[in-house]
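First comes the structure, then the notes that go with it.
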Amino acid sequence: MRLIQITDCHLGPQQSETLLGLNTDQSLEDVLQLIQEVEPRFDHLVCTGDVASAGHIDCYRRFAHSIRRYFPQPLSWLAGNHDSAEIMASEQDALGIQGRLVTLGEWLLVLLDSSVSGQVYGQLAASELDFLAHVLESHPDKHTIVSLHHQPVPVGSVWIDQYVVRNADAFFQLIDDHPQVKLVAWGHVHQEFQQRRKGVTLVATPSTCVQFKPLCDDFTVDTQMPGYRWFELNSDGSFTTGIARVTNKQYVIDYKSAGY
């Protein structure tokens, strides 16, 4: 099974809106075109949060319609700190977005909401941890990917690592108790990241818009291009994963910005 992850699209209510000078609708379109060109076959597409720059119903409808112009494959999403989890939930069925538990052959994709209303940092509510525990206990024979928006471990950039999942210890206690979990994947940090922890691969994925430079104490915009992550999931629990980025494009981006 092949899974595609996109993240942090930051769409505005209008197609003309920008983030640090970059038209986020255009960069999403470029990433979708790239996926179409280089992924002749995939089984599912997931967006791990910050679909919108500020939760607005038009952002979510336009996002889903943009995906559907390119791909018929099943689509799922989860909320980020810039999103409205309430609007996403209310629109999900009408837009044909799948639920929080996705079966991919011998694998399960579990989607968690780490967003906290009105806050930038991440935290998993007790109900989210209970949901994860129930899924893991009910499906011990399924190789599992757990996805969320915020990073559960520091990625090495001080300014954004203050927004990690605040109760990551409780999250990892569940992961540690269930060896079927092979991968944890997130967005939020607008950069590529990969680490191993107790046999589990931890990955972050580039944004479909502006990139943040890794290993910086202060907010720093990177010159890397928008991209996505792919996962090739084998029935025996092995996998490969990698990043693909847009090429041959020039964007207007404010690289000197001190924040967004």
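The values are calculated or read from the model by the stated rules, or taken from the named source; none is laboratory data. Just so it is clear, the model here is predicted, and its values are computed rather than measured. When we count neighbours, we look across all protein chains shown, and the Cβ atoms used for this are built from the backbone with ideal geometry, even at glycine. For the accessible areas, the whole protein counts, side chains as well, though only heavy atoms, and no ligand, DNA or RNA atoms are used. Shrake-Rupley method; radii C 1.70, N 1.55, O 1.52, S 1.80 Å.
Sorting the segments 238-244, 23-29, 168-174 by their residues' average number of neighbouring beta-carbon atoms within 10 angstrom, most packed first, yields 23-29, 168-174, 238-244.
To the nearest Å, what is the center-to-center distance of region 18-80 and region 206-221, using C-alpha atoms only? If we compute the Cα centre of each part, the gap is 19 Å.
Short to long, the 5 Å bins of the Cα pair-distance histogram for the chain hold 1, 6, 14, 19, 21, 18, 12, 6, 2, 0 percent of all pairs.
Output needed for region 49-94: three equivalent-ellipsoid semi-axes, defined as square roots of 5 times the C-alpha gyration tensor eigenvalues, in descending order, whole Å.
17, 10, 10
The antiparallel fraction among DSSP beta bridges confined to region 45-201 stands at about 30%.
For the chain, the number of Lys pairs separated by eight or more positions or lying on different chains, with C-alpha atoms closer than 19 Å, is 5. Net length available on complete extension from L101 to W159 is 17.7 nm, with 0.36 nm assigned per residue and the Cα-Cα distance removed. Shape analysis of region 154-228 based on the Cα gyration tensor places the equivalent ellipsoid semi-axes at 25, 14, 9 Å, largest first. The alpha-carbon atoms of region 121-194, seen along their principal axes, cover 38, 24, 16 angstrom, with the largest extent given first. Size descriptors for region 53-179, from the alpha-carbon set: Rg then Dmax equal 15.4, 41 Å. Using the average count of surrounding beta-carbon atoms within 10 Å as a protection proxy, the listed peptides 145-151, 196-202 rank, highest first, as 145-151, 196-202. Taken per residue, the accessible surface of the chain reaches 42 Å², heavy atoms only and a 1.4 Å probe. Computed over the alpha-carbon pairs of region 89-128, the distance histogram in 5 Å steps reads 6, 18, 18, 22, 21, 12, 3, 1 percent, short to long.
Were the residues from Q14 through K198 laid out at 0.36 nm apart, the gain over their Cα-Cα distance would be 61.8 nm. Packing order of peptides 10-22, 49-61, highest average first: 49-61, 10-22 (average count of other Cβ atoms within 10 Å over each peptide's residues).
Note on D141 and A125: the model spin-label points, each 7 Å out from Cα along the C-beta direction, lie 3.3 nm apart.
Just the number, please: carbon plus sulfur as a percent of the accessible area of region 117-260, 1.4 Å probe, no ligands or DNA/RNA counted. After summing per-atom areas, the C and S share lands at 48 percent.
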